[in-house]
Amino acid sequence: MAKVTIDGKTIEVADGTTILQAARMIGPDVAPPTMCYHSKLKTSGGYCRTCLVEVTKGSEKDPRPMPKLVASCRTNVMDGMEVGNLTSPKVIEARKGVVEFLLLNHPLDCPICDQAGECHLQDLGYEHGSAKTRTDFERRTFEKISLGDKIQLHMTRCILCYRCVKVADQITDNRVHGVLNRGDHSEISTYIENVIDNDFSGNVIDVCPVGALTDKTFRFKSRVWFTKPVCAHRNCDKCSGKVHLWYKGEEVLRVTGRKDQWGEVEEFICNTCRFDKKKTSDWEIDGPAPVNRHSVISANHYQVLKKGSEFKLNDVKPLSITEGEGS
Amino acid sequence: MGKKLLLANDHVPGIKGFEVYRANGGYKSVEKAVKTMSPDAVVEEVKKSGLRGRGGAGFPTGMKWSFLAKPEGVARYLVCNADESEPGTFKDRYLMSRIPHILVEGMITSGFALGATAGYIYIRGEYFYIVSILEKAIEEAYANGFLGKNILGSGFNYDLYVHVGAGAYICGEETALLESLEGKRGNPRIKPPFPAIAGLYGCPTVVNNVETIAAVVPIINDGGEAYAAVGIGKSAGTKLISASGHINKPGVYEIEMGITVEDFIYSDEYCGGIKNGKKLKAVVAGGSSVPILPADKILTTPSGEKRLMSYESLADGGFASGTMLGSGGFIVMDETASVVENLHTFARFYHHESCGQCSPCREGTGWMEKILHKILDGHGTVEDIELLWEIQSKIEGNTICPLGDAAAWPVASAIRHFRSEFEEYVKNPNNLKKVRHYDSVNQLVSA
């Protein structure tokens, strides 16, 4: 066991736990933001550098501070370690820099991007970035690539988190996409314009933190905050069958894996569940999906599912009224 | 004449071939090591010598070797980093193409010390013509019983291979090199684990520079103490310096560490002074990655003493007024050189060579290049200089591998020491356009 203190809060965790996991155990207040780390994918993390933290005391045995900021997702705790996350001015500065770098070539086309509302980069920019951009250079762009009839790849928005590559490596039989080229010309692609076609390929959409990989069966159907996530399950011989159904009115607009409070998929689902089962009758409903109250999706909370007669105008936000009356 | 340990026989005709090399005392270190010494004794000798890594970081080699994990039944590897891609550095090329056998000999002796089952020489793709030289040397070593099974009847088995990279700067980073050697995309690994625990194919591995491996030969021949007696303080032995730029005699020089920088630039034994009698303006002392220093700071330390060619003396003063010995790529600029233009060239290089794995380096290197390009084109503003400074500070120390630092340091040092030149570029762009390629920027700055 190792005792670790993060932003003044102490917790005892098993050896081999990373700083990030320990911070998440303490709670969201001290957990560093992540873009590329995904708890269900081995060897993920370390690339985006948003989870950098300052280790002010290495361990009980060797109390020297670490010379550089470290990626908390890839650094294990030591007994007696002291870590600064939001209390460290160095970390705040570095993180601001990372956000700026990530947004440098990102198109900022949120108004027309399907990921808006559930985009990790949007949240990150809002919470840790600065309000202004300091570049007026032309942004890097790519042609859109179709990865088959279900998945759309728009590299311009990609932040190269490598999550989709790890998904293909770890939960599918055969990876056909990867990173081509080098530096800021790097792109996720198949070789050459191949189709990603296997039973679990749809999970690349769920793990993509931005709008680079989107669901063709859902694209442009609705903004996510107009849809309501509901937990549901079915008996599936390929996967756990545990999903979120995203309703608009009576209609299931899309099916995704269930995500935990960090926005990371809990259990990967198969393409049959994701793309082919879009009727309520295909599923057993477990109840409303938990939604973070800060999320834009919660602006359209379940109160609108009440019958019209029980509906009190003053209880709900304007956004919900439109939606509630419409359905 | 300074003492020469690696290039002592450089002038001997035919030293490239096995016969001549052997007749001039070649492969003695292998004989001595495998016949009379235990592997640990060889490591001990290297520790005593105080040899430090010649690839740039200057980490004590003996210590690196002693970190190597030695689990039972697991192969160990020795990898020679011949991916010499640092702009301004060309010492390994010289050594390998002139005296290939010293590298082969060093690889065998070092491999014996580490108990390695095989050694790999990872050479950059652009050095394709050296590959055949090395392969011939290895063939000759096999033919004479210095490689293969049961070397010199000692029971030590060791194979040596040459692997050709595809020409990426990043593959000179040791973990990216290992990835590339395994046949994967050359991306640096996230450490830990370090190669000494899990390196090539997940086995304990030591990665050393060409010059480091070659230096093991004189260390075993003459003893670690004799090697430590050469040089100054913790900078033991000799160092190959690749001198280039505005000097009368560019080339590779083997120096005894501890000679003064002034001597190195002006004496006839080495660079032979600045070309055309011009004045010295600045020096990049250890390859493009290390901070650039103006003439007064490179010649004297902050305490007013003469700066020496050694790890410690060049680093004296930290980054505020010092630099690094690095890999020994000594680039000299005279008064006509433009620091801003030079920096743009470096920035373009790092932008091109960034692997793209982590965001600060991937995005930051390109951004810095664009801003420098803008300044050179005469569209820069004073805010752009501040922005450059900001960007480099956000890259430095926040990346997976040292390429980010290497891209940030030249920018930081150029602005730190030559801010007035940047300001001249943004304030009077038209003046500069007129003179850029044939006159002194300094004259404008001082005028």
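The values are calculated or read from the model by the stated rules, or taken from the named source; none is laboratory data. Please read these numbers as outputs of a predicted model, since none were measured by experiment. Glycine gets a Cβ as well: all are built from the backbone with ideal geometry, and neighbour counts include every protein chain shown. Just so you know, the surface numbers come from the protein's heavy atoms only, side chains and all, with ligands and any DNA or RNA stripped out. Shrake-Rupley method; radii C 1.70, N 1.55, O 1.52, S 1.80 Å.
Free of Cβ contacts under 8 Å to residues at least 24 places away in the same chain, out of contact with any Ser or Thr (no Cβ under 6 Å at 6 or more places or on another chain) and within 19 Å of A:CYS208 (Cα to Cα): does that describe A:VAL265? So A:VAL265 fails the test. Candidates in the stretch B:173-186 are the residues that are in a loop (DSSP other than H, G, I, E, B) and open to solvent by 20 Å² or more (accessible area, probe 1.4 Å); of these, the one that is nearest to A:LYS68 (Cα to Cα) is B:GLU173.
Scanning the stretch A:127-145 for residues that are under 30 Å from A:ASP215 (Cα atoms) and within 11 Å of another protein chain (Cβ to nearest Cβ) yields A:GLU138, A:ARG139, A:ARG140. Scan the stretch A:189-216 for residues that are β-branched (Val, Ile, Thr) and farther than 15 Å from A:GLN115 by Cβ and the total you get is 4. Filtered by the rule that a residue be open to solvent by less than 30 Å² (accessible area, probe 1.4 Å), part of a strand (DSSP E or B) and at pLDDT 90 or above, the stretch A:142-188 gives A:ILE151, A:GLN152, A:LEU153, A:HIS177, A:GLY178, A:VAL179, A:ILE188.
Within the set A:LEU86, A:LEU102, the sole residue that is of a type in the set (A, V, I, L, M, F, W, C), in a loop (DSSP other than H, G, I, E, B) and either in contact (Cβ under 8 Å) with a residue 24 or more places away in the chain or away from chain B (no Cβ under 12 Å) (or both) turns out to be A:LEU86.
You will find that of A:TRP262, A:TRP225, the residue that is assigned to a helix (DSSP H, G or I), open to solvent by 10 Å² or more (accessible area, probe 1.4 Å) and over 30 Å from B:TRP367 (Cα atoms) is A:TRP225 and no other.
Could you check B:VAL332 against (1) more than 7 Å from every other protein chain (Cβ to nearest Cβ); (2) part of a helix (DSSP H, G or I) and say which number it fails? All conditions pass for B:VAL332, except number (2). Can we say B:SER303 is more than 28 Å from B:LYS3 (Cα to Cα) and not basic (Lys, Arg)? Yes. Taken across the stretch A:14-26, residues that are of a type outside the set (A, V, I, L, M, F, W, C) and in contact with a Gly (Cβ under 9 Å, 6 or more places away or on another chain) do occur, with at least one present. The single condition from (1) closer than 25 Å to B:THR365 by Cα; (2) open to solvent by 10 Å² or more (accessible area, probe 1.4 Å) that A:ARG64 fails is (1). In the stretch B:318-332, which residue that is of a type outside the set (Gly, Ala, Ser) and surrounded by 22 or more Cβ atoms within 10 Å (Cβ to Cβ) is farthest from B:TYR94 (Cα to Cα)? The selected residue is B:THR323.
Comparison of A:ASP173, A:ASP169 shows that the only residue that is away from every other protein chain (no Cβ under 14 Å), free of Cβ contacts under 8 Å to residues at least 40 places away in the same chain and of a type in the set (Asp, Glu) is A:ASP173. Just so you know, in the stretch B:118-139 the residues that are touching a residue at least 12 places away in the same chain (Cβ under 8 Å), in a helix (DSSP H, G or I) and open to solvent by 40 Å² or more (accessible area, probe 1.4 Å) include one that is farthest from B:SER29 (Cα to Cα), and it is B:GLU126. Among the residues of this structure, A:HIS106 does not count as one that is touching a Gly at 6+ places or on another chain (Cβ under 8 Å) and either at positive phi or not acidic (Asp, Glu) (or both). Go through the residues of the stretch A:20-40 one by one and say whether even a single one is within 13 Å of another protein chain (Cβ to nearest Cβ) and either open to solvent by 40 Å² or more (accessible area, probe 1.4 Å) or not in a loop (DSSP other than H, G, I, E, B) (or both). Scanning the stretch A:20-40 turns up no residue that is within 13 Å of another protein chain (Cβ to nearest Cβ) and either open to solvent by 40 Å² or more (accessible area, probe 1.4 Å) or not in a loop (DSSP other than H, G, I, E, B) (or both). Would you call B:GLY378 outside any helix (DSSP H, G or I) and either more than 14 Å from chain A (Cβ to nearest Cβ) or among the aromatic types (Phe, Trp, Tyr) (or both)? In short, yes. With respect to the conditions (1) within 21 Å of B:PHE319 (Cα to Cα); (2) within 8 Å of another protein chain (Cβ to nearest Cβ), B:GLY356 lacks only one, and its number is (1). The residue that is farthest from A:LEU180 (Cα to Cα), among those in the stretch B:335-353 that are within 8 Å of another protein chain (Cβ to nearest Cβ) and surrounded by 18 or more Cβ atoms within 10 Å (Cβ to Cβ), is B:HIS351. In a residue-by-residue description of the stretch B:38-48, the property of being hydroxyl-bearing (Ser, Thr, Tyr), surrounded by fewer than 23 Cβ atoms within 10 Å (Cβ to Cβ) and farther than 26 Å from B:GLU312 by Cβ applies to at least one position. Annotation note: of B:LYS32, B:LYS47, B:LYS4, the sole residue that is assigned to a loop (DSSP other than H, G, I, E, B) and touching a residue at least 24 places away in the same chain (Cβ under 8 Å) is B:LYS4.
Within the stretch A:238-249, the presence of at least one residue that is open to solvent by 10 Å² or more (accessible area, probe 1.4 Å), touching a residue at least 60 places away in the same chain (Cβ under 8 Å) and not in a loop (DSSP other than H, G, I, E, B) is confirmed.
For the stretch B:387-403, a residue qualifies if it is closer than 16 Å to B:HIS344 by Cα and facing another protein chain (nearest Cβ under 10 Å), and the qualifying residues are B:LEU387, B:ILE391. Residues of the stretch A:153-166 that are under 16 Å from A:ASP109 (Cα atoms) and either among the hydroxyl-bearing types (Ser, Thr, Tyr) or more than 12 Å from chain B (Cβ to nearest Cβ) (or both): A:LEU153, A:HIS154, A:MET155, A:THR156, A:ARG157. For the stretch A:110-123, state whether one or more residues are within 14 Å of chain B (Cβ to nearest Cβ) and buried (at least 19 other Cβ atoms within 10 Å of the Cβ). Scanning the stretch A:110-123 turns up at least one residue that is within 14 Å of chain B (Cβ to nearest Cβ) and buried (at least 19 other Cβ atoms within 10 Å of the Cβ).
Surrounded by fewer than 19 Cβ atoms within 10 Å (Cβ to Cβ), in contact (Cβ under 8 Å) with a residue 12 or more places away in the chain and within 14 Å of another protein chain (Cβ to nearest Cβ), is that true of A:ARG95? Answer is no for this residue. For the stretch A:42-64, a residue qualifies if it is within 14 Å of chain B (Cβ to nearest Cβ), touching a Lys or Arg at 6+ places or on another chain (Cβ under 8 Å) and assigned to a loop (DSSP other than H, G, I, E, B), and the qualifying residues are A:LYS42, A:THR43, A:SER44, A:GLY45, A:GLY46, A:THR50, A:GLY58. Looking at the stretch B:21-29, is at least one residue open to solvent by 30 Å² or more (accessible area, probe 1.4 Å) and charged (D, E, K, R)? The answer is yes, given that some residue of the stretch B:21-29 is open to solvent by 30 Å² or more (accessible area, probe 1.4 Å) and charged (D, E, K, R). Cβ-Cβ contacts under 6 Å between residues 6 or more apart (or on different chains), taken from a first residue in the stretch B:263-291 that is surrounded by fewer than 18 Cβ atoms within 10 Å (Cβ to Cβ) to a second residue that is among the charged types (D, E, K, R), are listed as B:GLY272/B:LYS249; B:LYS278/B:ASP334; B:LYS278/B:GLU335; B:LYS279/B:GLU335.
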